[in-house]
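Every number in this text was worked out from the coordinates using simple rules, so none of it is lab data. Note that the structure is predicted; figures quoted are calculated from it, not measured. Note that each Cβ is placed from the backbone with ideal geometry, even for glycine, and that neighbours are counted across all protein chains shown.
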Amino acid sequence: MEQNGENLRPRPMSESKSEMIELVLPNDTNPLGALLGGRLMHWIDLAGALAAHRHSHSYAVTASMDHIDFLVPVHVGDMVILQSSVNRAFHTSMEVGVKVLVENYISGSRQKVATAYLTFVAVDRHGRKLEVAPAVPQTDDEQRRYEGALRRREASRNERERRKAARA
Ligand SMILES: CC(C)(COP(=O)(O)OP(=O)(O)OC[C@H]1O[C@@H](n2cnc3c(N)ncnc32)[C@H](O)[C@@H]1OP(=O)(O)O)[C@@H](O)C(=O)NCCC(=O)NCCS
């Protein structure tokens, strides 16, 4: 595994915070004018990558995305806000949380649309894995997300092992 040089300095989780805003256009929707789930997953992937790049100061590839529940429908003309942040960095991988909100810009109200957790692996320009800096929680909320990330990593590893054994 390659070293990431001076990029290994521990960083506050908040340094990776990113926000992406999309206006839902007709090309993003089904014939009834509702946002396509696949388009939202694409935006979630991009929003997650922003936080992974900011934390690792490197390229990153998506290793996994957890299951996503779409809580409320989103329609053409809506404004979609995607907030992302690294929850925890391991060796070469990082868990990133993405929260998706829909904003009604007439009333100013916001509703939660979905939450997703993604794992990104830091790589160099040749695709070789890179070690990443620790992400340091500084608030109670960040500490909760930091601890949750370890639980989710263990649960998804167990699940991958279980599926592998079932295939053998
Ligand atoms: C993700 C990828 C880099 C892992 O490479 P690998 O050599 O198999 O990785 P390793 O087993 O050494 O694991 C490397 C890290 O990735 C994590 N990882 C690997 N597969 C994972 C998965 N399915 N989900 C979550 N984390 C995963 C490991 O836990 C490890 O984390 P750590 O270094 O922080 O402990 C590799 O499988 C890959 O390049 N996949 C394609 C990525 C891609 O193209 N994504 C875009 C979608 S098309």
ask   = Once phi is turned into θ = phi - 60°, what whole-Hz ³J(HN,Hα) does the Karplus curve with 6.51, -1.76 and 1.60 give for every residue of the range 24-39, x standing for Gly and Pro?
value = 6, 10, x, 5, 8, 10, 7, x, 8, x, 9, 4, 6, x, x, 5
message = Taking a ≥ b ≥ c as the square roots of the Cα gyration tensor eigenvalues, with a/c under 1.5 meaning rounded and otherwise prolate when a/b beats b/c, else oblate, which class fits the chain?
response = prolate
Placed amide H near V74: partners under 5 Å, 5+ positions off or other chain = L35
message = Just to check I understand the Karplus step: with θ = phi - 60° and J = 6.51 cos²θ - 1.76 cosθ + 1.60, what whole-Hz values come out for the range 103-113, glycine and proline as x?
response = 10, 8, 6, 7, 8, x, 7, 10, 10, 6, 9
key: Crossing angle, helix 140-167 versus the chain [Cα axis fit, 0-90 degrees, rounded to tens]   = 80
query = What is the spin-label model distance, in nm, from V72 to A34 if the labels are put 7 Å beyond Cα along the C-beta direction?
reply = 1.5
For the chain: lysine pairs under 30 Å (alpha-carbon distance), excluding those fewer than 8 apart on one chain = 6
Helical mean residue ellipticity (222 nm; -39500 (n - 2.57) per DSSP H run of 4+; nearest 500) of the chain = -10000 deg cm²/dmol
note = Applied in sequence order to the range 71-85, the curve 6.51 cos²θ - 1.76 cosθ + 1.60 (Karplus, θ = phi - 60°) yields integer Hz couplings, x standing for Gly and Pro, of 7, 9, x, 10, 10, 3, x, 6, 9, 10, 10, 10, 10, 10, 6
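Round to the nearest 0.05 the FRET efficiency obtained for R125 and K17 when R0 = 30 Å and r is the Cβ-Cβ distance.
0.75
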message = Could you compute the net charge surrounding A116? Neighbours are other residues with a C-beta less than 10 Å from the C-beta of A116; K and R count +1, D and E count -1.
response = -2
